[in-house]
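Written below as structure tokens is the structure these notes are about.
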Amino acid sequence: MRVFTGIQPSGDLHIGNYFGSIKQMLHAQETSDTFAFIANYHAMTSLSDGKRLAELTMQAATDFLSLGIDPNKATFWVQSDCKEVLELYWILSSFTPMGLLERAHSYKDKTAKGIAANHSLFSYPVLMAADILLFSPDVVPVGKDQIQHVEIARDIAIKFNNQYGDILKLPTFRVDDTVATVPGTDGQKMSKSYGNTINIFGEEKAQLKTIKKIVTEAVPLEDPKEFENCNIYNLAKLFLEPSDLRALEKRYTQGGEGHGHFKLYLADVIWDHFADARAKRSYYEKNQNEVREILHMGAQKAREEALPMIEKIRSATGILY
Ligand code: ADP
Ligand code: TRP
């Protein structure tokens, strides 16, 4: 089974990203034919600082490799290193009714927020359709906000196939309902846009400072405490083995410790959890050429898949004359 996913290079990864998407990616590469790429063309729709985009692309590559994306298991590349996608994007544009894009939630939401509409923002779903359809995946795992984009890819593929025959495979999306929404330090969904994140690769001191900001109930030190709705507990739960979780519950219910103690414990748990990833990251940071080499190899693998498909499409559409 082929699993396909794109990641926008958008800065520091947080533990919401880790439990909400990266872990699933790591699982997929063990069990499926996994394709994962860094969507740097898509990132241009919200970023026009060239130096920054280049940095963010390398940061995303470094972060994902450090967290365990294995280039020998998954095909891992940067979108712009497989330019066939741009050709398909144009070809698909002729099979994309304006109304389909006008109904896209993400475009409507962004323009409603006052973000100036430009063509790339409007045609974002067409490029995403090209990403997907070029590689014929069985399934595209997505967050809820991206479902409509996969549906648009399907609609475009149907229109194309109606004209040229059964060339494009219709993608299906998968939303993993078992994945919990990770709470931020304030208890809302953890998100960069809410400023409530705990980053994966922060400095230890800064990390602790963030964790100390976690909002908790005021209960006297000696009193028993509820763990069910406690933000510290809900975060710890994501990391702990059942026996360690039971031990933490006991510390809550027996009293004698404050939330400050639990915060220190959580900080240690998180720090230890990412120890290997940190070590790998400091290696890759010093060896960025190795990261580039891995991306280059990944792009070659991706292009080996993309080329026969684009050839078929060129031939069917008459671009190959
Ligand atoms: P942010 O909200 O911080 O900008 P993104 O939208 O870039 O995060 O999210 C990238 C991926 O991480 C998506 O697949 C999304 O579903 C997942 N993700 C982000 N925040 C959370 C969260 N709090 N809980 C679960 N998954 C999350
Ligand atoms: N739009 C996706 C996001 O913001 C990223 C993306 C681009 C993508 N192309 C894709 C995801 C193709 C899945 C398949 O998260």
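The values are calculated or read from the model by the stated rules, or taken from the named source; none is laboratory data. These numbers were taken from a predicted model, which means no experiment stands behind them. Every residue, glycine among them, receives a Cβ derived from its backbone with ideal geometry; neighbour counts consider all protein chains shown. Heads up: the accessible areas ignore ligands, DNA and RNA and are worked out on the full protein's heavy atoms, side chains in. Shrake-Rupley method; radii C 1.70, N 1.55, O 1.52, S 1.80 Å.
A few points about this structure:
- Any hit, segment 260-267, residues being under 28 Å from THR5 (Cα atoms) and modelled with pLDDT of 95 or more: no
- Only one entry of VAL179, VAL139 meets the criterion of being in contact (Cβ under 8 Å) with a residue 60 or more places away in the chain, within 16 Å of ligand 2 (Cβ to nearest atom) and in contact with a Gly (Cβ under 6 Å, 6 or more places away or on another chain), and that entry is VAL179.
- Among residues of segment 15-54 being farther than 15 Å from ASP176 by Cβ and of a type in the set (Phe, Trp, Tyr), the one that is farthest from the chain's Cα centre (by Cα) is TYR41.
- Considering residues of segment 59-102 that are without any contact (Cβ under 8 Å) to a residue 24 or more places away in the chain and of a type in the set (D, E, K, R) only, the residue farthest from LEU134 (Cα to Cα): GLU102
- Each residue in segment 66-89 was checked for being in a helix (DSSP H, G or I) and either open to solvent by less than 10 Å² (accessible area, probe 1.4 Å) or touching an Asp or Glu at 6+ places or on another chain (Cβ under 7 Å) (or both), and 4 pass.
- Residue within segment 100-121 that is modelled with pLDDT under 95, of a type in the set (Phe, Trp, Tyr) and out of contact with any Ser or Thr (no Cβ under 8 Å at 6 or more places or on another chain) present: yes
- Residue that is surrounded by the most Cβ atoms within 10 Å (Cβ to Cβ), among those in segment 1-10 that are within 13 Å of ligand 2 (Cβ to nearest atom) and in contact (Cβ under 8 Å) with a residue 60 or more places away in the chain: PHE4
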